[in-house]
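Trainee: Take this structure, written in structure tokens, and hold onto it; I'll ask about it next.
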Amino acid sequence: MNTLWNAFSFFIIACMFVSPLYAQDNHYAWMQFGSRNGILNNANLSQFEDQSAVIVNPATLSEATQSSFNFSTNAVGFNNIKFENGLGQGFTVKNSNLTILPSLAAGVIKPRKSEKDLVIGYALHTNNTDLLNFSDRVETKINLINETESPGEENYLAQYNITTNLDEIAIIGGIGWNLTPNLSLGISQNFLYRTQEYAQKFSAYAIPDKGSGASVDLTGTNYDYYTRYSKLITYTKIGLHTKLKEWDLGLAISTPTLGIMGTGYILADLSLSNIRLDEDLNVPRKNYLANGEFDKIKAQYKYPVNAAFGISRPFGKVRMYGSVSWFGKIKTYNILDPGEAAFLQPPSDENVLYTNKVLRLWSTNQTVINWSVAADWTIRDDYHLLFSFRTDEYFSDFIPEQDGFNPAIKQWDNYHFTIGTQRNFGWSEWIVGLRYNYAKRNDYPQPISFSDPSEDNFFRGETATGTIKSTGFQLMLSYTFTFGNTSKEN
């Protein structure tokens, strides 16, 4: 009973220090959890490596030899994103973060031998968090208004901003037990609470100089879209683990998520000032406005079915690991749908039908396959060197024909290389690692463009593509306390 109480006490204290970290809004595998598993990437699929087994493959919990507790963190992280020609030719935007990144508190409870092979696992961790802010402004002179109404060039003023702020916290409980000496089964239940804020702002104006003889003083466009939502979801993970001579193999399957509760909010303003929609100069310019607030909207968010396979085997003093993770497809769906409500002003029975097309927040998930290779080199029984390389593909893509907004901004594939060292001191284990991530995409679509604006495109320019590059380093720290000496060999 004292072992159980100590485990939960340590768990609660460590959880008090869990705070946000910066990850990715469009990737399943940006973050890894656990001391050894975090560096070896999904090593817990094929054998018990650390307390994150309850997250990765609960079947391997049955291999735990002692009760233990682990607190893992990416202690310091720096990530830089550069979008070359991101808002038109010559307009490059950047985003950088330097952060403190706690991520996981987890434990294993190994009952007395009389209760045989049943092992309990639990975890609280930051499943995903992201913060991104791109913004830029331009002020120049361009000939935007026809010469009849405004001779010569006009002052072109435009600015753009996109931000996203995402947090996802998970609580997990699970068990693993041996069916036979070489076959184990595990099951875990995962509860995820997701919150996200997302906003896009764009404004652009053409202003003739005073005394230029212009008959129009200003024309322009503006939109401001802000949304937030929260959603509680759950899913079940079932795992299998087996030993075949020197090989360890593991399989874990996650069910699609089930929504429990969720709500959202949308605030939006769109306006066109002195816009000419008719080529006939005898038709006067007009102003248009859409404005609305939509509260207590039912929110949805989904993760797909997932299957992961891992394999490992020792080769002398080096144990090699490999894993493959498959994520299924989810058709396009609405995260938030404001329905038929007043937005275009003045409101009418007809224009409320356009509200959900303009303002809906949507998502879609394409099929993704990630893979990894890793190695654990035993220098001494109490000293290990750890290495891994893994892929991390994005799951939601741009669909230009879709109305509304897709909050999954980071649409590029990441590649991660991690090195680390493990030292054991009696009942304690320390792991220090360094992760490098890299991504580059040469055809990333521009959201708007400051190049070639015109009245025909509402001063948003002719969009093309730019080159986006993401690089970063994260220092990873982990501490594990074992309740009694462990005899596990890595």
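Trainee: Where does each of 412-424, 468-480 land if you order them by average Cβ count within 10 Å, highest first?
Mentor: 468-480, 412-424
Trainee: Can I ask one more? Cα gyration tensor of segment 90-247, axes a ≥ b ≥ c as square roots of the eigenvalues: rounded (a/c below 1.5), prolate (a/b > b/c) or oblate?
Mentor: Here segment 90-247 falls in the prolate category.
Trainee: Shifting gears a bit: If you count, for each residue, the other Cβ atoms within 10 Å and average over each peptide, how do 230-237, 435-442, 146-153 line up from highest to lowest?
Mentor: Going by the mean number of other Cβ atoms within 10 Å, highest first, we get 230-237, 435-442, 146-153.
Trainee: Counting only pairs 8 or more residues apart or on different chains, how many lysine pairs in segment 183-335 have their Cα atoms under 16 Å apart?
Mentor: Number of lysine pairs found: 6.
Trainee: To continue, here is another question. Kindly state, as a whole number, the per residue volume in cubic angstrom of the convex hull around the alpha carbon atoms of segment 28-183.
Mentor: Given the Cα convex hull of segment 28-183, per-residue volume reads 141 Å³.
Trainee: Once you place label points 7 Å from the Cα toward the Cβ at residue 260 and residue 118, how far apart are they in nm?
Mentor: Label at residue 260, label at residue 118, 2.3 nm between them.
Trainee: While we're here: Normalised by the number of residues in segment 315-459, what is the relative contact order in percent for Cα pairs under 8 Å and 6+ residues apart?
Mentor: The normalised contact order for segment 315-459 reaches 19 percent.
Trainee: Also, I was wondering about something else. Report the normalised scattering of segment 165-309 as log10 I(q)/I(0) at q = 0.10, 0.17 Å⁻¹, calculated by the Debye formula with identical scatterers on the alpha carbons.
Mentor: Taking Cα atoms of segment 165-309 as identical point scatterers yields -0.62, -1.00.
Trainee: Taking Cα pairs under 8 Å and at least six residues apart, what relative contact order does segment 117-235 come out at, in percent?
Mentor: It rounds to 28 percent for segment 117-235.
Trainee: Probe radius 1.4 Å, ligands and nucleic acids ignored: give me the carbon and sulfur share of the accessible area of the chain as a rounded percent. Don't skip to the end; give the middle numbers.
Mentor: Working: 12730 of 22130 Å².
So the carbon and sulfur contribution to the accessible surface is 58 percent.
Trainee: Related question: Given an 8 Å cut-off on Cα distances and at least 6 residues of separation, report the relative contact order of the chain as a percent.
Mentor: 17
Trainee: Further question: When you count, for each residue, the other Cβ atoms within 10 Å and take the mean per peptide, how do 449-456, 199-206 rank with the highest first?
Mentor: 199-206, 449-456
Trainee: Please list 296, 210 from largest to smallest accessible area, probe radius 1.4 Å, with all protein chains kept in place. Before the final figure, lay out the partial values.
Mentor: Details: 296 170, 210 205 Å².
Largest accessible area first, the list is 210, 296.
Trainee: Whose amide H sits under 5 Å from the amide H of residue 451, counting only residues 5 or more places off or on another chain, with H placed in the peptide plane?
Mentor: Here 89, 462 satisfy the definition.
Trainee: Roughly how many Å is it from the Cα centre of segment 400-440 to that of segment 150-189, as a whole number?
Mentor: 12
Trainee: In Å², and per residue, what accessible area does segment 77-230 have when probed at 1.4 Å with the other protein chains present?
Mentor: 44
Trainee: Count charges around residue 402 for me, please; just the other residues with Cβ under 10 Å from its Cβ, Lys/Arg as +1, Asp/Glu as -1.
Mentor: On the way: positive: 357, 360; negative: 401, 403.
Combined, the nearby Lys, Arg, Asp and Glu give 0.
Trainee: Under Stokes-Einstein, with the Kirkwood radius over Cα pairs standing in for Rh, what whole-number D in µm²/s applies to the chain at 37 °C and 0.692 mPa s?
Mentor: 132
Trainee: Tell me which residues come under 5 Å, amide H to amide H, from residue 466 once H is placed; ignore anything under 5 positions away on its chain.
Mentor: Hits under the 5 Å cutoff: 444, 446.
The values are calculated or read from the model by the stated rules, or taken from the named source; none is laboratory data. All values reported here derive from a predicted model rather than from experimental measurement. As a convention, Cβ positions derive from the backbone with ideal geometry for all residues, glycine included, and neighbour counts pool all protein chains shown. These accessible areas exclude ligands, DNA and RNA; they are computed on the full protein's heavy atoms, side chains included. Shrake-Rupley method; radii C 1.70, N 1.55, O 1.52, S 1.80 Å.
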